[in-house]
Amino acid sequence: MNMITEIVSSFFEALNLVFSGDSFVIDIALRSIYISGFATILALGFGIPIAMIISFREFFGKNIIKWIFNISLGFPTVTLGLMLFLLFSRSGPLGVFGILYTPTGIIIGQSILVTPIMVSFSVSALESVNPEIRNLAKTLGASDFQASIMALIEGAKGVSLAIVGSFNRAVSELGIALMIGGNIRGFTRVLTTTIALETRRGEITQSIAIAIVLLFTIAGVNIVMSLIKRLWLR
Amino acid sequence: MNIKSNHFVLIFIILGGLISGYYIISSLVTQETDRTNLIISTTTSIYDTGLLDVIEIDFEAKYAIDILFIPVGTGQAIIHGQRGDSDLILVHAPIREYDFLVEDYGVVRKIIAYNFFIIIGSKDDPAGVKGRDIKDALKHIVDSGRRGESVWISRGDDSGTHTREKSLWKEAGFDVTSLVNESWYLEAGAGMLSTLRLANEKGAYTLSDTSTFQKFSKGTQIELEILVDQTKELINVYSVIAVNPDLIEWVNFEGAIQFIEYLISEDTQDLIANFGGDIFQKKLFSSAVELLKSSSGGIESQWIKDIAFLDGSECPPQYRAGQNQLYD
């Protein structure tokens with residue numbers, strides 16, 4: 001009972017936080033969307049070509065590569081965060097670029113994190129596209145690349161699920177944002193690191209409120225994606 | 001099909017363009033200013049009170065330096081300093097600070113504030129430690145724990161508080177490495193507030209700092225009370241140490257010195273001493289700079305010297321990196 005009242009009152013506080021124009025919550029939510037959205041687009045950039053090669057080409061070790069991407073779906077974010085911390089640290093191999101404790105660092109980390117989701121989901125979407133489409137396109141004079149693009153468009157619905165899944169994973173992960181971003185107020189503080197901080201500070205209501213904002217953020221982005229799907233991908 | 005694909009591609013181009021445009025513009029905007037960044041890795045016990053947010057806003061208004069506070073805990077803060085990932089560390093574990101100086105990673109150590117560690121336990125106090133001195137109290141907790149009547153909860157997270165807890169056990173004549181194997185000794189592996197919550201659930205004993213305990217007891221129904229307080233062994237001293245620019249050439253040493261000067265100024269010391277006075281019954285921190293300067297600083301000044309000084313000084317001359325004006 002106690003817990004239920006706490007959640008209900010947090011819910012109203014969340015609404016209050018968002019609609020009172022409390023800029024710090026809006027700011028954090030926008031930063032989360034921007035960082036994870038950018039990471040998703042990066043992952044899209046190198047995930048889709050990989051997925052197309054795996055789906056449309058036959059080569060030695062293809063199943064092993066698929067298997068590797070599938071098991072990396074569950075890669076622990078703290079482990080990836082720690083590895084990247086050592087890499088980005090000023091005394092690490094990539095230290096000279098100064099990307100530790102920056103939004104760029106989180107973007108790179110999250111894009112690596114979600115690439116397996118992008119690849120695995122897209123591969124299963126593309127593999128379920130009727131292979132006749134590529135053959136048909138080729139007989140109509142399309143090059144191999146053009147035929148593959150044709151099949152990609154045909155499988156776009158499945159690929160859009162990969163995008164949504166990738167964004168959801170990126171925006172809700174904590175380990176990378178904490179270890180690479182450092183949870184700096186007004187700079188690398190995102191929704192998940194705020195939840196961790198407010199919980200540690202004992203501001204439970206605040207932290208539930210931010211968690212609700214996170215859920216709304218995810219829901220909002222998903223609604224936008226499904227609108228896009230409905231309008232343009234039939 | 002072509003029209004559809006064009007739309008699909010178009011959306012991504014627009015989306016990508018918008019986001020990268022925002023990113024480029026915002027990075028240009030930040031580059032235009034001549035403000036520098038100062039990265040400070042800090043212990044969570046002081047960060048979580050909100051004091052550093054107040055200090056950050058005040059400092060950034062007065063200086064052309066942006067502070068980036070990384071709240072991590074003493075153990076990790078020291079590692080950040082050693083790797084050159086921060087310019088300054090704010091910690092509370094004197095023993096480890098000495099190593100940090102002696103190993104040449106740190107210079108210009110200044111003690112800025114203090115409060116007390118306290119032994120917390122349930123109100124019925126099964127081990128009967130109330131009012132005892134710290135060594136005696138710990139012995140009673142061990143005896144009662146071994147009889148199965150009490151539980152001790154350790155932070156177990158390599159923080160400053162955990163470091164102090166381990167040295168308290170050692171001074172009381174116990175070996176922590178064997179205590180951790182006993183059933184009444186639990187390691188939380190969590191922050192102070194979570195550990196207090198756990199102790200409250202279990203009616204257990206634990207070591208806390210006063211500021212976090214005050215925050216915890218405000219507005220919560222708690223079964224815990226302060227049992228041992230205000231002794232020399234329990235004084236909790238916060239200091240700042242700059243990362244040595246001779247060892248790690250990329251650190252913002254100039255900014256670090258400016259921040260230390262700001263911290264030890266009278267205004268900031270007042271700000272620290274008065275912080276939280278309007279919300280909590282007791283103030284969270286006491287300022288240390290004036291207290292250590294005056295020759296008759298009283299008993300607490302002597303305790304700080306006993307616990308947190310190295311070779312009779314808060315920072316021996318060879319580790320001052322030429323910043324002697326800070327030690328007048």
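Rule-based calculations on the coordinates, nothing more; no lab input. The structure displayed is predicted, hence computed values, not measured ones. Cβ coordinates were reconstructed from backbone atoms using ideal geometry, including for glycine residues, and neighbour counts include every protein chain displayed.
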| remark: Restricting to Cα pairs under 8 Å and 6 or more apart, the percent relative contact order of the range B:116-233 works out to 45
| Using +1 on the beta carbon of Lys and Arg, -1 on that of Asp and Glu, and nothing else charged, what's the dipole of the protein assembly as shown about the Cα centre, debye to 20? | 2240
| said: Taking just the alpha-carbon atoms of the range B:252-322, what radius of gyration and Dmax come out, in angstrom? | reply: 14.3, 42
| query | In bins 10 Å wide, starting from 0, what share of all Cα pairs of the range A:24-232 does each bin hold, as a percent? | reply | 9, 30, 31, 20, 9, 2, 0
| query | Residues with beta-carbon under 13 Å from that of B:Val102, excluding B:Val102: net charge, scoring Lys, Arg +1 and Asp, Glu -1? | reply | -3
| request: Per DSSP H run of at least 4 residues, take -39500 (n - 2.57); add these up for chain A, divide by its residues and hand me the 222 nm value, nearest 500 deg cm²/dmol. | output: -25000 deg cm²/dmol
| field | Cut-off under 5 Å, modelled amide H: who pairs with B:Glu187 long-range | value | B:Ser154
| request: Please give the helix B:2-32 orientation as an angle from the longest Cα principal axis of chain B, in degrees from 0 to 90, rounded to the nearest 10. | output: 70
| request: For the range A:1-70, state the semi-axes of the equivalent ellipsoid (square roots of 5 times the eigenvalues of the alpha-carbon gyration tensor), sorted largest first and rounded to whole angstrom. | output: 44, 18, 7
| message | Over 28 Å between Cα atoms: which of A:Lys62/A:Lys157; B:Lys110/B:Lys166; B:Lys232/B:Lys283; B:Lys283/B:Lys305; B:Lys123/B:Lys218; B:Lys130/B:Lys170 fall into that group? | response | none
| query | What ranking of A:Ser36, B:Ser301, B:Ser239 emerges when the number of other C-beta atoms within 10 Å of each C-beta is taken as an exposure proxy, fewest first? | reply | B:Ser301, B:Ser239, A:Ser36
| request: Would you work out the charge dipole size for the range B:116-233 about its Cα centre, treating the Cβ of every Lys and Arg as +1 and the Cβ of every Asp and Glu as -1, and quote it to the nearest 20 debye? | output: 140
| message | Can you tell me the mean projection area, over all orientations, of the convex hull of the protein assembly as shown's alpha carbons? Units nm², please. | response | 30.9
| note | Taking a ≥ b ≥ c as the square roots of the eigenvalues of the Cα gyration tensor, with a/c under 1.5 meaning rounded and otherwise prolate when a/b exceeds b/c and oblate if not, chain B is oblate
| remark: Sorted by chain and then number, the residues having a modelled amide H within less than 5 Å of the amide H of B:Ser150, at least 5 places away or on another chain, are B:Gly145
| note | Whole-number value, in Å³ per residue, for the convex hull of the alpha carbons of the range A:179-218 is 67
| Ranked from highest to lowest mean number of other Cβ atoms within 10 Å per residue, what is the order of the peptides B:50-62, B:188-200? | B:188-200, B:50-62
| query | Summing +1 for each Lys or Arg and -1 for each Asp or Glu, what net charge is found among the other residues whose Cβ lies under 10 Å from the Cβ of A:Phe85? | reply | 0
| request: Kindly provide the helix-only [θ] at 222 nm of chain B, computed as the sum of -39,500 (n - 2.57) over DSSP H runs of four or more divided by all residues, to the nearest 500 deg cm²/dmol? | output: -13500 deg cm²/dmol
| said: Kirkwood Rh and Cα-based Rg: tell me the resulting Rg over Rh for the range B:168-236, rounded to two decimals. | reply: 0.97
| said: Let me understand the range B:106-213 better: what is its radius of gyration from the alpha carbons, and its Dmax, in angstrom? | reply: 13.9, 48
| said: Placing +1 on the Cβ of each Lys and Arg and -1 on the Cβ of each Asp and Glu in chain B, which of B:Gly322, B:Ala273, B:Gln221 has its Cα farthest towards the positive end of the resulting dipole? | reply: B:Gln221
| message | Tell me which of B:Ser122, B:Thr212, B:Gly191 sits at the most positive position along the dipole axis of the range B:116-233, charges placed on C-beta atoms (Lys, Arg +1; Asp, Glu -1). | response | B:Thr212
| request: Rank the residues B:Tyr185, B:Tyr262 as a footprinting-exposure proxy: fewest other Cβ atoms within 10 Å of their Cβ go first. | output: B:Tyr262, B:Tyr185
| note | The answer for GluC sites (Glu not before Pro) in the range A:1-97 that fall in a DSSP coil and have at most 12 neighbouring Cβ atoms within 10 Å is A:Glu58
| said: Apply the Karplus curve 6.51 cos²θ - 1.76 cosθ + 1.60, θ = phi - 60°, to the phi angles in the range B:249-256 and return the couplings in whole Hz, x for Gly and Pro. | reply: 6, 8, 6, 8, 5, 4, x, 4
| note | In chain A, taking the dipole from +1 charges on Lys and Arg beta carbons and -1 charges on Asp and Glu beta carbons about the Cα centre, the listed residue (A:Val190, A:Ile208, A:Val129) farthest towards the positive end is A:Val129
| field | Dipole magnitude of chain A about its Cα centre (Cβ charges: Lys, Arg +1; Asp, Glu -1), debye to nearest 20 | value | 400
| the range B:201-328: equivalent-ellipsoid semi-axes (sqrt of 5 x gyration tensor eigenvalues, Cα, Å) | 32, 18, 16
